[in-house]
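For reference, the structure discussed in these notes is given below.
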Amino acid sequence: MVNRCRKCSSGIPEVGFNNCRACLDYFKEYRSKRKDKQVKCNNTNCSNLRDTIKSRYCLACRKLVKAKELCSKCGINTKTGDASCSNWCKQCLAARRRGERAVARGTGTCTLCFKVPALSSRSFCGDCAKKKSLDTVEKRVRIKKFLVESLGGKCQRCGFETPYYDVFDFHHLDPDKKDFDIAKRLTWNFEKLLAEVKKCILICANCHRIEHSGNKKYK
């Protein structure tokens, strides 16, 4: 029985090989193209070449990754200080978490702790829902305090000043330029929030009610 090439099953194998000459030439050309394709450093901001085919980065970038100055996933951005994956950048870590949340939604698991089943009406469990609610409240208080202090920390109508920032409101000087209600959008994009605050003055709740009463006086 005549041996045949393992790839094309038609040619006669070369001495010491399992493939014919045509297939061996094809493999050689394929390896050379693959080698040329992989010699560039995986870091798009770097123009150096890889020192080995198996390495993902050049020698300089590999030292930076090893020193934890570059992300070990993409080799482009600086690493984040997250304890769960300290060698990855924020972009790679966010992509990883998006994938984990997608898997958790498909299996009905909490998308925050990934440990217990989620509530029927939500994508997270009861404990994580409470923690998320408390974190949101703390974030709103922190942002409200910063915005109040940035506008002087006292009413610009009557001069009332107090450390209880909930008594202050943001009054738009020109209602036509108002894009949204600041009190309802404290957790929105911070840059948009600052741009909207610049259109306002800080007044207390009493002065704000008087401002919108149309100067109506009741007997």
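Taking the condition part of a helix (DSSP H, G or I), buried (at least 16 other Cβ atoms within 10 Å of the Cβ) and more than 33 Å from the chain's Cα centre (by Cα), does residue 207 pass?
So residue 207 passes the test.
With the checklist (1) modelled with pLDDT under 70; (2) out of contact with any strand residue (DSSP E or B) (no Cβ under 6 Å at 6 or more places or on another chain) in hand, flag the one item residue 39 doesn't pass.
Of the numbered conditions (1) modelled with pLDDT under 70; (2) out of contact with any strand residue (DSSP E or B) (no Cβ under 6 Å at 6 or more places or on another chain), the odd one out for residue 39 is (2).
With respect to residue 148, is the statement that it is out of contact with any His (no Cβ under 8 Å at 6 or more places or on another chain), among the aliphatic types (A, V, I, L, M) and loosely packed, with under 14 Cβ neighbours inside 10 Å true?
no
Please determine, by comparing only the residues of segment 105-152 that are touching a Ser or Thr at 6+ places or on another chain (Cβ under 7 Å) and outside any loop (DSSP other than H, G, I, E, B), which one is modelled with the lowest pLDDT.
That would be 105.
Name the residues in segment 98-141 that are charged (D, E, K, R) and exposed (fewer than 14 other Cβ atoms within 10 Å of the Cβ), would you?
98, 100, 105, 115, 122, 127, 130, 132, 135, 138, 139, 140
Can you tell me which condition residue 197 does not meet? The list is (1) at pLDDT below 85; (2) touching a Ser or Thr at 6+ places or on another chain (Cβ under 9 Å), and all the others hold.
Only one criterion in (1) at pLDDT below 85; (2) touching a Ser or Thr at 6+ places or on another chain (Cβ under 9 Å) is unmet by residue 197, namely (1).
Six or more apart or on different chains, Cβ atoms under 8 Å: show the pairs whose first residue is in segment 1-30 and without any contact (Cβ under 8 Å) to a residue 12 or more places away in the chain and whose second is among the aliphatic types (A, V, I, L, M) and assigned to a helix (DSSP H, G or I).
14/24; 17/24
Name every residue in segment 146-166 that is under 34 Å from the mean Cα position of the chain (by Cα) and within 17 Å of residue 211 (Cα to Cα), in order of residue number.
Listed by number, the list is empty, since nothing qualifies.
Restricting attention to segment 157-204, which residues are surrounded by 17 or more Cβ atoms within 10 Å (Cβ to Cβ), of a type in the set (A, V, I, L, M) and without any contact (Cβ under 8 Å) to a residue 40 or more places away in the chain?
182
The values are calculated or read from the model by the stated rules, or taken from the named source; none is laboratory data. From a predicted model like this one, the values you see are computed outputs, not experimental measurements. All Cβ positions, glycine included, derive from the backbone under ideal geometry; neighbour counts span all protein chains shown.
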